[in-house]
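So the structure is just underneath, and the comments pick up after that.
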Amino acid sequence: MAHHALTIPYSDDLLLSLKESPEEFEAEARLLLAVKLDELGRLTTGRAAELAGLRRVEFMFRLDHFGLSPIGVDPEELEQDLGNA
């Protein structure tokens, strides 16, 4: 299978303002892209995890950080359902 690379130019000033190393910024950018594609239903959690460079379970746990549920249910809705059980 062929692999492709996406190149996004960014300056050292951006890294300074974010207080991140190039590695941290690039990992976060990959994660954010993967999360958004998962949220839009364009990728499965497995494929999104692969794009983010994470194991699927780790990716699913990280979705909570963005207010998303790995099971397709809004976190507040799930909490409400569990409270009514």
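The values are calculated or read from the model by the stated rules, or taken from the named source; none is laboratory data. Not measured: the values here are computed from a predicted model. Don't worry about glycine lacking a Cβ; one is built from the backbone with ideal geometry, like all the others, and counts go over all protein chains shown.
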### Query
Residues of the range 2-39 being aliphatic (A, V, I, L, M) and surrounded by 10 or more Cβ atoms within 10 Å (Cβ to Cβ), which ones?
LEU14, LEU15, LEU18, ALA27, ALA29, LEU31, LEU32, LEU33, ALA34, VAL35, LEU37
### Message
Six or more apart or on different chains, Cβ atoms under 8 Å: show the pairs whose first residue is in the range 42-59 and over 15 Å from LEU6 (Cβ atoms) and whose second is buried (at least 16 other Cβ atoms within 10 Å of the Cβ) and among the polar types (S, T, N, Q).
### Response
ARG56/THR45; PHE59/THR45
### Message
Given the condition in contact with a Leu (Cβ under 6 Å, 6 or more places away or on another chain) and under 17 Å from ASP64 (Cα atoms), answer yes or no: does some residue in the range 16-36 qualify?
### Response
yes
### Query
Inside the range 32-53, can you point out the residues that are in contact with a Lys or Arg (Cβ under 7 Å, 6 or more places away or on another chain) and not hydroxyl-bearing (Ser, Thr, Tyr)?
GLY46, ALA49, LEU51, ALA52, GLY53
### Message
If I ask for residues that are modelled with pLDDT of 90 or more and β-branched (Val, Ile, Thr), which ones from the range 46-85 would you list?
### Response
VAL57
### Message
Need the failing condition index for GLY41 against (1) assigned to a loop (DSSP other than H, G, I, E, B); (2) modelled with pLDDT under 90, just the number.
### Response
(2)
### Message
Filter the range 1-23 down to the residues that are assigned to a helix (DSSP H, G or I) and out of contact with any helix residue (DSSP H, G or I) (no Cβ under 8 Å at 6 or more places or on another chain) and list them by number.
### Response
ASP12, ASP13, LEU16, SER17, GLU23
